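Undergrad: There's a structure below that I have some questions on.
The values are calculated or read from the model by the stated rules, or taken from the named source; none is laboratory data. All figures in this text were calculated on a predicted structure; none of them were measured in a lab. Note: ideal-geometry Cβ built from the backbone for every residue, glycine included; neighbour counts use all protein chains shown. Keep in mind that these areas ignore ligands, DNA and RNA; they rest on the heavy atoms of the full protein, side chains included. Shrake-Rupley method; radii C 1.70, N 1.55, O 1.52, S 1.80 Å.
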Amino acid sequence: MIMLQGKGVSKGVANGPLYFFQRPDTTISDTPAADIEAEKARIAAAQKKAIDQLNALADKAREDTGDETAILFETHAMFVEDEDYVDCMMNTLTERGCLAEKAVELAGEEFAAMLAAMDDPYMQGRAADIKDVTRRILNNLMGIAEGGIDSEVPVILAADDLAPSETLQLDKSKILGFITQGGSSNSHTAILARTMGIPAICGLGEALKADQSGREIYIDGETGQVAIDPDKITLSSFQTKMEKQREMKELMETMKGQGDVTMDGREMMVYCNIGSPADVSAVLSNDGQGIGLFRSEFLYLASSDYPTEEEQFQAYKEVAAAMGGKRVVIRTLDIGADKQVDYFQLHKEENPALGVRAIRICLNRPEVFRTQLRALYRASAYGKVAIMFPMITSVWEVKECKRACQKVMAELDREGVPYRQDTEIGVMIETPASVLVAEELAKEVDFFSVGTNDLTQYTLACDRQANDLGKFFDPHHPAVLRALKLAADAAHKAGIWIGICGELGADLTLLETFLAIGIDELSVSPSAVLPLRAKIRKSIAKTCTLEKLEC
Ligand code: PEP
Ligand code: MG
C-alpha cells in the first residue's frame with residue numbers, strides 16, 4: 001500500500017483504477033515521407049476510424065439528447081468523406097511528399113480558409129466544422145485518445161496539473177475523481193470538479209507518479225488522503241466512509257422541494273454555479289432555485305476558435321429555457337490569468353492575474369463583447385437571464401458596459417429580434433477597488449455578486465493558484481469578511497440584492513456570518529445545494545453575529 005497526503009478540494013470518496021493523464025504531443029513534423037502510398041493508406045485508415053467514431057457518437061446523441069446533436073455528428077461524418085476535401089488532402093500529400101499528418105493539417109487549413117472566405121454565411125459557418133473534422137483525423141493519425149482518456153472503464157484521473165481547457169476536453173463520463181501533483185483549491189480545475197460533484201485532491205507532489213497507472217486507488221476529497229492498493233484496514237475505513245456518504249446522500253434527498261428559509265423566516269436564494277449547458281441537469285436534480293453564475297468563458301475554452309453569436313445564443317438559450325423562468329445569471333467572458341485561450345493571442349504577462357483579463361479584454365475588444373452581448377440579449381427572450389460583468393474596479397467600466405448593452409438592444413430593436421428589455425445587469429465584487437466604490441457601483445446596477453475567490457486573492461495579496469501559501473491564504477480573514485459587509489451595506493442602501501458566487505458561499509461554517517451580514521443569495525456547486533439548505537433551515541438569522549469580522 002502507498003498512502004499519499006494532499007489537499008482535498010472537492011469532497012467525496014471514490015475508488016477505481018489510477019489513470020495518469022499524458023499530455024499528448026501534438027507537434028506535426030514537416031519531414032519528407034519515405035513511402036507516399038503508405039502515407040495515403042494511413043490517411044484512409046484515420047478517415048475510416050473518424051467515420052466510425054462519428055456514427056457511434058450520432059447513435060449515442062440520438063438516444064441521449066435527440067436528433068439535433070445527432071445530425072451534427074452525421075454532418076461531420078459526411079465532411080470526412082467530402083470529395084473535394086479528400087482530394088485536397090491527397091493532392092497536398094503527393095505534391096509536398098510529406099507525412100500524412102502534415103498533409104491533413106495543411107488541407108484542413110486551406111479548406112477552412114476557403115469556406116470562411118465565402119459570401120454565404122452558412123458556408124462560412126462550416127469552416128469550424130472542417131477544423132473539427134481535421135482535428136479528429138489528426139488525432140487518429142497521432143494515436144491521441146478521444147476525450148483524453150484511453151480506458152474502457154471510468155478512472156481516477158491523475159495529472160501533474162490540469163489547465164481548465166484540458167479539463168473541459170476530458171470525457172467526464174470516464175472520471176470518478178481527480179488527483180494532481182500541483183494545483184490549488186481555488187484553481188478553475190478544482191472548481192470544475194466541484195461543479196461536476198466528483199472528489200478531487202491537489203498538491204500531492206512528486207509522490208504521485210505516472211508508473212502508478214493501473215493500480216487500484218481510493219481517494220478522500222475531504223481529508224486529502226489517497227491510498228494506492230490499500231491494505232485491509234485502510235480499505236475498510238474507506239468503505240465505511242463511502243457507506244456514510246451514500247446514507248448522507250439519501251438523507252439529503254428529503255431536502256428537495258423544501259424552502260431555503262431560516263427558522264425565523266429569513267429567505268436565502270440558493271443558486272448554482274455552472275460552466276456549460278450540460279451542468280443544468282445537476283442544478284435541476286439538486287433542486288437549485290436558479291443559476292447564480294454561468295461561467296460563460298468555458299464555452300470559449302472548450303472551443304478552438306471564437307464561438308459565434310449563434311453558438312453562444314444556442315447555449316444561453318438552452319440554459320435559460322431549461323431553468324423555466326428561474327433566474328440565470330450569465331457572466332460575460334472572464335478569460336485571462338489561469339484561463340488562457342490560444343486563439344485570443346493574449347500578450348504574455350508577468351502577472352496575468354493583474355493584467356488584461358475579464359472585462360478589460362471585453363472593453364478592449366468591442367467586437368468580441370458585442371457578439372456575446374447580442375447572444376445574451378437574444379437568449380433573454382427564452383427565460384430570466386441576468387447579465388453580470390467580472391473584475392470590475394471602476395464606475396466608468398460599468399458605464400461603458402451599459403453603453404455596450406444599450407447599443408446591442410438598439411440593434412436588436414432595428415432588426416426586430418425579440419429580447420427582454422428588463423434584463424437585469426449586475427457586477428461582480430471581486431476586487432478591493434469595487435468594494436471601496438460599492439456605493440457608486442450599486443447606483444448603476446441591479447445586483448452584486450461577490451467573487452470571493454478573487455476577492456480573497458486581491459485583498460490578501462495571495463495568488464489563488466499557488467498551493468504553498470498555507471496559513472497566509474485565509475478566506476476567513478476578517479478583511480475579506482469586512483469587505484463583504486461593506487459591499488452588502490452599499491447594496492442594501494441602494495435597494496439591490498447581493499449574493500456570493502465564489503467558493504466561500506458553500507462554506508457551511510460561515511453561513512451564520514453571511515446571515516448576519518445580510519447576504520441575500522448564495523450560489524454554489526450543484527452538489528452543495530442540499531447540505532446548505534439543511535443548514536439554513538436549522539439557523540436562526542436573528543441570533544447570528546458578526547463576531548468573525550473581529551481580528
Ligand atoms: C470568484 O472569483 O470568486 C469567481 C466566482 O470567479 P472565478 O472563480 O471564475 O474567477
Ligand atoms: Mg473571479
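Undergrad: So how do 185, 29 rank on accessible area, 1.4 Å probe, biggest first, that is with the largest at the start?
TA: 29, 185
Undergrad: Give me, ordered by chain and number, the residues 5 or more places off residue 388 or on other chains with an amide H under 5 Å from its own placed amide H.
TA: 330, 331, 332, 426
Undergrad: Right, here's the next one. How much mean residue ellipticity at 222 nm does the chain get from its helices, if each DSSP H run of length 4 or more adds -39500 (n - 2.57) and you divide by all residues, to the nearest 500 deg cm²/dmol?
TA: That comes out to -14500 deg cm²/dmol.
Undergrad: About the Cα centre of the chain, how large is the charge dipole given +1 on each Lys and Arg Cβ and -1 on each Asp and Glu Cβ? Please answer in debye to the nearest 20.
TA: Computed charge dipole of the chain: roughly 2140 debye.
Undergrad: Going Cα to Cα from residue 339, which lysines come in below 20 Å? Please leave out same-chain ones fewer than 8 positions away.
TA: Once the sequence-local lysines are set aside, what remains near residue 339 is 172, 348.
Undergrad: Using the Cα centre of the stretch 377-475 as the reference point, and only Cβ charges (+1 on K/R, -1 on D/E), how large is the resulting charge dipole? Debye, rounded to the nearest 20.
TA: Taking the Cα centre of the stretch 377-475 as origin, the dipole is about 280 debye.
Undergrad: So for 508, 441, what's the accessible-area order with a 1.4 Å probe, most first?
TA: 508, 441
Undergrad: Right, here's the next one. Can you pull the one-decimal nm distance between simple spin-label points at residue 83 and residue 425, each 7 Å off the Cα toward Cβ?
TA: Distance between label points: 5.4 nm.
Undergrad: For 42, 378, write out the residues from largest to smallest accessible area, computed with a 1.4 angstrom probe and no ligands counted.
TA: 42, 378
Undergrad: Determine, from the Cβ-Cβ distance of residue 37 and residue 113 and an R0 of 35 Å, the FRET efficiency 1/(1 + (r/R0)^6), rounded to the nearest 0.05.
TA: Given R0 = 35 Å and the Cβ-Cβ separation, E is 0.80.
Undergrad: Can you tally the net charge around residue 103? Count Lys and Arg as +1, Asp and Glu as -1, for every other residue whose Cβ sits under 12 Å from the Cβ of residue 103.
TA: -4
Undergrad: If you don't mind, another one. Please give the length that would be gained between residue 249 and residue 351 if that part of the chain were fully extended, namely 0.36 nm times their separation in residues minus their C-alpha to C-alpha distance (nm, one decimal).
TA: So the chain would gain 32.5 nm between residue 249 and residue 351.
Undergrad: Which angle from 0 to 90°, rounded to the nearest 10, does the C-alpha axis of helix 36-64 make with the longest principal axis of the chain?
TA: In the chain, helix 36-64 runs at an angle near 40 degrees to the longest axis.
Undergrad: While we're here: HN-Hα J couplings of the stretch 487-499 from phi, Karplus 6.51/-1.76/1.60, θ = phi - 60°, integer Hz, Gly and Pro as x?
TA: With the stated coefficients, the stretch 487-499 comes to 5, 5, 4, 5, 4, 5, 4, 8, x, 10, 8, 9, x Hz.
Undergrad: Assuming a ≥ b ≥ c are the square roots of the Cα gyration tensor eigenvalues, decide whether the stretch 1-84 counts as rounded (a/c under 1.5), prolate (otherwise, with a/b larger than b/c) or oblate.
TA: Since a/c reaches 1.5 but b/c is at least a/b, the shape of the stretch 1-84 is classed as oblate.
Undergrad: Also, quick follow-up: At a Förster distance of 45 Å, what's the computed FRET efficiency of residue 474 paired with residue 413, Cβ-Cβ distance as r, to 0.05?
TA: Step by step, r from the Cβ atoms, then E = 0.35.
Undergrad: Follow-up. Solvent-accessible area per residue for the stretch 95-201 at a 1.4 Å probe radius, Å²?
TA: In whole numbers, the stretch 95-201 has 39 Å² accessible per residue.
Undergrad: Next question. Relative to the first principal axis of the alpha-carbon coordinates of the chain, what is the inclination of helix 309-322, with its axis defined by its Cα atoms, in degrees from 0 to 90 and to the nearest 10?
TA: Relative to the chain, helix 309-322 is tipped by roughly 50 degrees.
Undergrad: Can I ask one more? In whole Å, how far is the Cα centre of the stretch 253-280 from that of the stretch 496-547?
TA: Measuring centre to centre over Cα atoms gives 11 Å.
Undergrad: Determine the shape class of the stretch 215-254: with a ≥ b ≥ c the square roots of the Cα gyration tensor eigenvalues, call it rounded for a/c under 1.5, and otherwise prolate if a/b is greater than b/c, oblate otherwise.
TA: Because a/c hits 1.5 or more and a/b exceeds b/c, the stretch 215-254 counts as prolate.
Undergrad: Tell me the Kirkwood radius of the stretch 269-549: reciprocal of the mean inverse pair distance over distinct alpha-carbon atoms, in Å.
TA: Here the Kirkwood hydrodynamic radius works out to 19.1 Å.
Undergrad: Between helix 67-81 and the chain, what is the angle of the helix's C-alpha long axis to the longest principal axis, kept within 0 to 90° and rounded to the nearest 10?
TA: Rounded to the nearest ten degrees, it is 30.
Undergrad: I would also like to ask the following. Stretch residue 49-residue 96 to full length: gain in nm at 0.36 nm per residue minus the Cα-Cα span?
TA: This chain segment gains 14.5 nm when fully extended.
Undergrad: In nm, to one decimal, how far is the residue 433 label point from the residue 223 one, both placed 7 Å along Cα→Cβ?
TA: 4.6
Undergrad: Let me ask something else. Pairs 399/493; 493/538; 7/241: which are spaced more than 24 Å apart, C-alpha to C-alpha?
TA: 493/538
Undergrad: Continuing with the same structure: Classify the chain from the C-alpha gyration tensor, please: rounded if a/c falls under 1.5, else prolate or oblate depending on whether a/b exceeds b/c.
TA: Oblate.
Undergrad: What whole-number value in cubic angstrom gives the convex hull volume per residue for the C-alpha atoms of the stretch 29-148?
TA: Looking at the stretch 29-148, the number lands at 101 Å³ per residue.
Undergrad: Taking 45 Å as R0, compute the FRET efficiency from the Cβ-Cβ separation of residue 235 and residue 56 and round it to 0.05.
TA: 0.80
Undergrad: Pulled fully out, how much extra length does the chain show between residue 508 and residue 311, if you take 0.36 nm times their separation in residues and subtract their Cα-Cα distance?
TA: 67.2 nm
Undergrad: Counting only protein heavy atoms and a 1.4 Å probe, tell me what percentage of the chain's accessible area is made up of carbon and sulfur.
TA: Its accessible area is 52 percent carbon and sulfur atoms.
Undergrad: Which of 275, 499, 389 sits closest to the plus end of the dipole of the stretch 269-549, meaning its Cα is farthest towards the positive end, when Lys and Arg get +1 and Asp and Glu get -1 on the C-beta?
TA: With unit charges placed on the Cβ atoms, the residue in question is 499.
Undergrad: If you don't mind, there's one more thing I want to ask. What list of ³J(HN,Hα) values in whole Hz, one per residue of the stretch 395-411 in order, does the Karplus curve 6.51 cos²θ - 1.76 cosθ + 1.60 (θ = phi - 60°) give from phi, with Gly and Pro shown as x?
TA: 5, 4, 4, 5, 4, 5, 4, 5, 5, 4, 5, 4, 4, 5, 5, 5, 4
Undergrad: Hey, how many Å between the Cα centroid of the stretch 309-379 and the Cα centroid of the stretch 198-227?
TA: Value for the Cα centre distance between the two parts: 33 Å.
Undergrad: Now a separate question. Kindly write out, for the stretch 2-8 in residue order, the coupling ³J(HN,Hα) from the Karplus curve 6.51 cos²θ - 1.76 cosθ + 1.60 (θ = phi - 60°), rounded to whole Hz, with x marking Gly and Pro.
TA: Computed from phi, the couplings for the stretch 2-8 are 10, 10, 10, 10, x, 10, x Hz.
Undergrad: Using Cα positions and a limit of under 18 Å, work out the lysines in reach of residue 40, with same-chain residues fewer than 8 apart set aside.
TA: 48, 49, 102
Undergrad: Then there's this: So with the 1.4 Å probe, I'd like the accessible area per residue for the stretch 277-352, rounded to whole Å².
TA: 41
Undergrad: Please identify the longest segment of the chain free of exposed GluC sites (Glu not before Pro), where exposed means a DSSP state other than H, G, I, E or B and no more than 10 other Cβ atoms within 10 Å.
TA: Longest gap between qualifying sites, sites excluded: 351-549.
Undergrad: Run the dipole for the stretch 269-549 about the Cα centre, Lys and Arg Cβ at +1, Asp and Glu Cβ at -1, nothing else charged, and hand back the magnitude in debye, nearest 20.
TA: Magnitude of the dipole: close to 700 debye.
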